[in-house]
1. Is it the case that residue 609 is within 23 Å of residue 181 (Cβ to Cβ) and among the hydroxyl-bearing types (Ser, Thr, Tyr)?
2. Tell me the residue from 228, 261, 206 that is of a type in the set (Val, Ile, Thr), under 26 Å from residue 287 (Cβ atoms) and in contact with a Phe, Trp or Tyr (Cβ under 9 Å, 6 or more places away or on another chain), please.
3. Quick one: which residue in 101, 117, 13 is buried (at least 16 other Cβ atoms within 10 Å of the Cβ) and farther than 28 Å from residue 427 by Cα?
4. I'd like to check something: does region 420-438 contain any residue that is touching a residue at least 12 places away in the same chain (Cβ under 8 Å), acidic (Asp, Glu) and either surrounded by 20 or more Cβ atoms within 10 Å (Cβ to Cβ) or touching a helix residue (DSSP H, G or I) at 6+ places or on another chain (Cβ under 6 Å) (or both)?
5. Only one of 217, 194 is without any contact (Cβ under 8 Å) to a residue 40 or more places away in the chain, crowded, with 19+ Cβ neighbours inside 10 Å and not β-branched (Val, Ile, Thr). Can you tell me which?
6. Scan region 636-659 and give yes if some residue there is surrounded by fewer than 15 Cβ atoms within 10 Å (Cβ to Cβ), outside any loop (DSSP other than H, G, I, E, B) and among the hydrophobic types (A, V, I, L, M, F, W, C), otherwise no.
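The values are calculated or read from the model by the stated rules, or taken from the named source; none is laboratory data. Note that this is a predicted model, so its numbers are computed, not measured. Don't worry about glycine lacking a Cβ; one is built from the backbone with ideal geometry, like all the others, and counts go over all protein chains shown.
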Amino acid sequence: MTETIASLLQEGRIYNPPEELVENSNVKKFMDKHGIKTYEELLERAKDIEWFWNEMVKEVGIEWYKEPEKTLEWNPPYVKWFIGAEYNIVNDALDRQARLRKNKVAYIWEGEPGDIRKITYGELHREVNRFANALREFGVERGDRVTIWLPMIPELPIAMLACAKIGAIHSVVFSGFSEKALLDRILDAEAKILITADGFYRGGNVIELKNRADGVLNDAPSIEKVIVYERCNVPTNMKEGRDYWWQDVVRNQPKECETEVMDANDILFILYTSGTTGKPKGVIHAHGGYAVGVAATLKLIFDLKEDDIWWCSADIGWITGHSYIVYGPLILGTTSVMYEGSPTYPKPDRWWEMIEKYAVTVFYTAPTAIRMFMRLGEEWPQKHDLSTLRLLGTVGEPINPEAWIWYYKYIGNEKCQIMDTWWQTETGMQLMSPLPITPLKPGSATKPFPGVEADVYDPDGNSLSKKNAGGFLVLTKPWPAMLRGLWRAEERYINTYWSTYKDIYFTGDAARIDEDGYFWIQGRLDDVLNVSGHRIGNSEVESALVSHPAVSEAAVVGKPHEIKGESIVAFVVLRSGISPDGKLMDSLKEHVAKEIGKIARPDEIYFVSDLPKTRSGKIMRRVCRSVMLGKDPGDISTLANPEAVEVVKEAAKFGGVTSK
Ligand code: WT7
């Protein structure tokens, strides 16, 4: 296997899309309709972004309650799309679907133990309505925040849609996060209601949620009610007058519920993501533009048609799930597969077995998962008939050509175009990706989606396009699913995205553009780690470490990791009088897992007596990272304590505990 992959890589060839895919593609149909002959011409025409996005509105069948008066209002850094439109995304994602596709399956859901639920659009509509009525009865109103801490069960999309239906703002917290992370997000959003479950199945175990949430709810005064879905029958404490079983609150609710008429620019949800400080950022998305953006990308990139079976393997707790398990597919009336548990439970072929069983046609996953499966061996996918697959996709981080080729060969049987989609929590929708008509280069997300304008800048704001020179990836025009701000953090919004270049969105990624105009994303520029395709702020992990009574200071850096992309390495200074040992090391790792979630658990901890700092006291992570990787630390003339470099060097060399 290794040999073939190596030779395929050496070729460096361009992978042209299969003719059949091109001919029958949604994008080709769109081009024909407008007399557009080539990919280049499509990109050129779409530079008239108002024209293009209005066409997309029609393409995905958006149904406004009241038509917009104007397409775009761009007062950087603030954007409004479809101004004056009365709208609710739930009308397109659900109400319209229940009329058109009442008996079509919306979700084929599989629990980890093997239980299966197939939910039609008619049933989904009814369940959302009943739950929305229950929320209204609990006093939830337009603009109220509802925090959702649910696993991958159908009640998660149901809860999100129910909130949106009545104009409430949902804030979903990934079920793999800790209760401490949950609390931070509840407090920041001042949520009135928490929706959770007793627990869920993962890797053959029950992971409890509600009992763990109880540990922090006393510190969350905004929470008036807690609604708990019973999934695993775990004994659960219920506080009288505050906690209610989901199954009880929906029981006598009517099957109809009026959808709240919103403004197209009203807030749909908040989703927290990591930044360069310890506090997560509450990214805000709005009903109208977001609906158009997610549905249009899914239709043109992943080419979804009426009879496709779509599976996006992400967790709904991340933006990928919000956009491409919940809102995008529902607006297109798609049948989606949804899975609760671990990809390798009970055996490493669980995913491939499900693709065969449900005849999945389009599959979207992350490079980290592909690398894991690559390591487990192709004999697992080879046990199954994956011939229904016609398109594949990836997201989360740059995909290394080796993993790309493996995916192409062993999952796609060398006949599926691979969509390497670049985007962010903030962008809401895929912004860069091949289309079914785009020739591929493994490792490149190819070109911006039509109507999206990206570039690579040098520090002074000069465009470096088409020179193969590395620079900062920027977006020079607004797009419909663009974030509308950060929840109650306007200054941070401006500083993070709009202060590097005037009126230009700063992505935080490094990239280069090659001679064919293809973009190559090189990773983050800021102090943010990418672990298994998810952003984790270095400082978030550091503040978790420092919150442990034994720790006085910490510096967290990323180290290249074969499967996870990056692994987390922490340099820790202990409080005086505390001596390092293996037990403490384990308890610090556990502490971080408890504070943030297992995904942030450091892989390695080095105890040091000092950390390199600037004269103003700022810890120099850059220096720690270089030293750890055995590289030259670079310019250390600004350090207040250059001798600390030696300390870090020695720790990294001998591992774990140093004598100094
Ligand atoms: C960051 C955004 C969008 C959902 C998943 C992550 C990196 C994402 C790619 C890709 C290279 C990628 C970037 C980006 N990234 N997709 N196809 N190629 N890098 O969302 O947590 O908001 O992270 O993920 O660095 O800025 P997120």
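1. On the way: within 23 Å of residue 181 (Cβ to Cβ): no; among the hydroxyl-bearing types (Ser, Thr, Tyr): yes.
So residue 609 does not fit the description; no.
2. Answer to the check: 261.
3. From the options 101, 117, 13, the qualifying one is 101.
4. Within region 420-438, one or more residues are touching a residue at least 12 places away in the same chain (Cβ under 8 Å), acidic (Asp, Glu) and either surrounded by 20 or more Cβ atoms within 10 Å (Cβ to Cβ) or touching a helix residue (DSSP H, G or I) at 6+ places or on another chain (Cβ under 6 Å) (or both).
5. After ruling out the rest, the residue left standing is 217.
6. yes
Condition check ((1) within 30 Å of residue 606 (Cα to Cα); (2) assigned to a strand (DSSP E or B)) across all residues:
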| position | (1), (2) |
| --- | --- |
| 506 | no, yes |
| 511 | no, yes |
| 517 | no, no |
| 522 | yes, yes |
| 526 | yes, no |
| 535 | yes, yes |
| 542 | yes, no |
| 545 | yes, no |
| 553 | yes, yes |
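Okay, residues lined up against (1) closer than 18 Å to residue 266 by Cβ; (2) more than 22 Å from the chain's Cα centre (by Cα):
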| position | (1), (2) |
| --- | --- |
| 127 | no, yes |
| 130 | no, yes |
| 137 | no, yes |
| 147 | no, no |
| 184 | no, no |
| 188 | no, no |
| 192 | yes, yes |
| 195 | no, no |
